[in-house]
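The values are calculated or read from the model by the stated rules, or taken from the named source; none is laboratory data. Keep in mind that this is a model prediction, so the values were computed, not measured. Heads up, the Cβs are rebuilt from the backbone with ideal geometry, glycines too, and the neighbour counts pull from every protein chain shown. Side chains included, ligands, DNA and RNA excluded: accessible areas come from the protein's heavy atoms. Shrake-Rupley method; radii C 1.70, N 1.55, O 1.52, S 1.80 Å.
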Amino acid sequence: MLRLGIIGTHTISDQMIHAAQDTGKYPLTAVYSRKLSTAKVFGKKYGAQFFFDNLHAFMHSGTFDVVYIASP
């Protein structure tokens, strides 16, 4: 299993997480958003445990193995 981190919390992120969960191989563990509250609301519905509003902290957290970037 590879732990999934995600940048961005829009509709495409929901679709990606559903697809990742369908495989059973990519549990969502970390979410980055510009607002910490948004990261928490989004991530908790998928069981994420780590939430960030600082991109540097997210990238160096060691809380995920792969990252999906859903942000322009």
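Amide hydrogen proximity for R3: with H placed 1.01 Å from N in the peptide plane, the residues at 5 or more positions away or on another chain lying under 5 Å are D65, V66. Simple point charges give the picture: +1 on the Cβ of Lys and Arg, -1 on the Cβ of Asp and Glu, and for the chain a dipole about the Cα centre of about 180 debye. What the phi angles of region 48-65 give under the Karplus curve with 6.51, -1.76 and 1.60, with θ = phi - 60°, is a coupling list of 5, 10, 10, 9, 9, 10, 10, 5, 4, 4, 4, 5, 9, 7, x, 9, 8, 9 Hz, glycine and proline written as x. Ligands, DNA and RNA are left out, and with a 1.4 angstrom probe the accessible area of the chain is 62 Å² per residue. Just the protein heavy atoms count here, and of the accessible area of the chain at 1.4 Å, carbon and sulfur take up 57 percent.
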